[in-house]
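The values are calculated or read from the model by the stated rules, or taken from the named source; none is laboratory data. Bear in mind the structure is a predicted one, so any value in this text is a computation, not a measurement. Using ideal geometry, Cβ is built from the backbone for each residue, glycine included, and neighbour counts are taken over all protein chains shown.
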Amino acid sequence: MPIAPPSTPRPAPAPAPALPEIPPAPASPSAPPEIRPVAPAPVSPPPAFRLPTDPLFPRQWDLRAIRLPEAWVLSRGGPVTVAVLDTGYVASPELTGRVVNGYDFVSDPRRSGDGTGRDADASGVGEYAYHAEVVANLIAAAHDGRGMAGINPQARVVQVRVAGTDGQIDVPDLVDGMKWAAGLPVSGAPLNPHPARLLNLSLFADFIPLTGCDRRVQAAIDAVTAKGALVVAGAANDGANSAGYSPAGCRNVLTVTSVTEQGTRPGYANWGASVALGAPGGEVGHGIPASSLSGPGGERSPNGTSFAAPHATGVASLLLGVRPKLSPALLRTYLTGTATRFPGGQCDPLPERSCGAGTLNAEAALRTALGSSLGK
Ligand SMILES: [Ca+2]
């Protein structure tokens, strides 16, 4: 459902209620001087939304669609650590001082583009390097009057490289990258000094059949969940049932598919019972605007479930900013339980092509978290 643009004028403040007349005090020699009631100063209602000044923000329809301007009135974010498992580190000026060049888990030197296997430099290489940069910027870009506005402008991002220069991902690299991101030990790599509470996986594992969750990926998801980290995954872009994909089809994953600005499923977006909710992923010609160093004019507007998932990750980080001890299960409950109903109750005319609980609603999720002391 389209959301009213933030330029909608606010209702005028209600006039102050008339004060009841106070009967005169009985006259007596010791009576204090008569006190006349003073009309209170008119009270302005709290602002209904907060609008960043970043020049790309007026085109960031995706943020309005999930009610972030309303959510930012409740919280402007917090220093929550988020891992982005993707194409690797880019020194985005939107994340200065808040992005970590984590670890490069790409084992195969033929696909790493840096001449070696695993190493401590997670720098992105090649034509897909922008992918991790855009995902991280969507989650955490600064509200600094430049470029775009991110969802949690105080979040810290650890870039973990799991995709080769070909954009593909091998299961052992993904599994070790997930464990490392959450702070679990991985043979051959030092412990992650910045363990993440949220793992954004805008990807699926390649080189395996798309017939269900890979048991190695499931084991890694279960381990990081037990460590207290929520795994958020994109549903993938094949217009197919996401149950066949890893991690989208795995248990303990918040699987996110794309919706359009109108809250419906674009044809590319995967669907089905393993999808938890929808978030803006855009369409060709109406993508998700984002800052990108390598993009023309320092920006690009890609579309896909890769760019839907970080909306849920970013909002989950807002929840952790106000309730730092929320479990992965409660984060999931808050994000799905407050989702905006799809138009007519479903994202697609075919009921089996379902998109989960509805469209992500940052304001409602944050209100629900703030309404309880759970996780405080
Ligand atoms: Ca910015």
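What to note about this one:
- Matching option when the condition is in contact (Cβ under 8 Å) with a residue 40 or more places away in the chain, surrounded by fewer than 19 Cβ atoms within 10 Å (Cβ to Cβ) and among the hydrophobic types (A, V, I, L, M, F, W, C), among A196, A223, A233, A240: A223
- For region 358-367, filtering for residues that are part of a loop (DSSP other than H, G, I, E, B) and among the aliphatic types (A, V, I, L, M) leaves 1.
- Qualifying residue in region 236-250 (condition: hydrophobic (A, V, I, L, M, F, W, C), within 16 Å of the ligand (Cβ to nearest atom) and in contact with a helix residue (DSSP H, G or I) (Cβ under 7 Å, 6 or more places away or on another chain)): no
- Subset of region 289-323 (residues that are of a type in the set (G, A, S) and away from the ligand (no atom under 16 Å from the Cβ)): S294, G304, S306, A308, A309, A312, A316, S317, G321
- Here V171 passes the criteria (1) among the aliphatic types (A, V, I, L, M); (2) within 13 Å of the ligand (Cβ to nearest atom); (3) surrounded by fewer than 24 Cβ atoms within 10 Å (Cβ to Cβ) except the one numbered (2).
- The single condition from (1) at pLDDT 95 or above; (2) in contact with a Pro (Cβ under 6 Å, 6 or more places away or on another chain); (3) at positive phi that P69 fails is (3).
- So P185, is it in contact with a helix residue (DSSP H, G or I) (Cβ under 8 Å, 6 or more places away or on another chain), over 22 Å from L320 (Cβ atoms) and either part of a helix (DSSP H, G or I) or more than 13 Å from the ligand (Cβ to nearest atom) (or both): yes
- Selected residue (criterion: surrounded by the fewest Cβ atoms within 10 Å (Cβ to Cβ)) from residues of region 175-193 that are within 21 Å of the chain's Cα centre (by Cα) and closer than 20 Å to A248 by Cβ: K179
- Any hit, region 295-306, residues being out of contact with any Cys (no Cβ under 6 Å at 6 or more places or on another chain), assigned to a helix (DSSP H, G or I) and closer than 26 Å to I221 by Cβ: yes
- Restricting R216, R156, R161, R146 to those that are of a type in the set (K, R) and within 27 Å of N361 (Cβ to Cβ) reduces the list to R156.
- Matching residues, region 199-213, being of a type in the set (S, T, N, Q) and without any contact (Cβ under 8 Å) to a residue 40 or more places away in the chain: T211
- Residues of region 206-227 classified as in a loop (DSSP other than H, G, I, E, B) and under 21 Å from the mean Cα position of the chain (by Cα), total: 1
- Output for region 47-96, where each listed residue is away from the ligand (no atom under 13 Å from the Cβ), small (G, A, S) and either within 22 Å of G295 (Cβ to Cβ) or not in a loop (DSSP other than H, G, I, E, B) (or both): A65, A71, A83, G88, A91
Residues checked against (1) over 15 Å from V256 (Cα atoms); (2) of a type in the set (K, R); (3) outside any helix (DSSP H, G or I):
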| position | (1), (2), (3) |
| --- | --- |
| G321 | yes, no, no |
| L331 | no, no, no |
| Y334 | no, no, no |
| P349 | yes, no, yes |
| R353 | no, yes, yes |
| G356 | no, no, yes |
| A369 | yes, no, no |
| S372 | yes, no, yes |
| K376 | yes, yes, yes |
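- Members of region 112-161 found to be at positive phi and either without any contact (Cβ under 8 Å) to a residue 40 or more places away in the chain or more than 16 Å from the ligand (Cβ to nearest atom) (or both), listed by number: G113, G115, G126
- S28 meets the stated requirement of being out of contact with any Phe, Trp or Tyr (no Cβ under 7 Å at 6 or more places or on another chain) and either at pLDDT below 70 or not in a loop (DSSP other than H, G, I, E, B) (or both).
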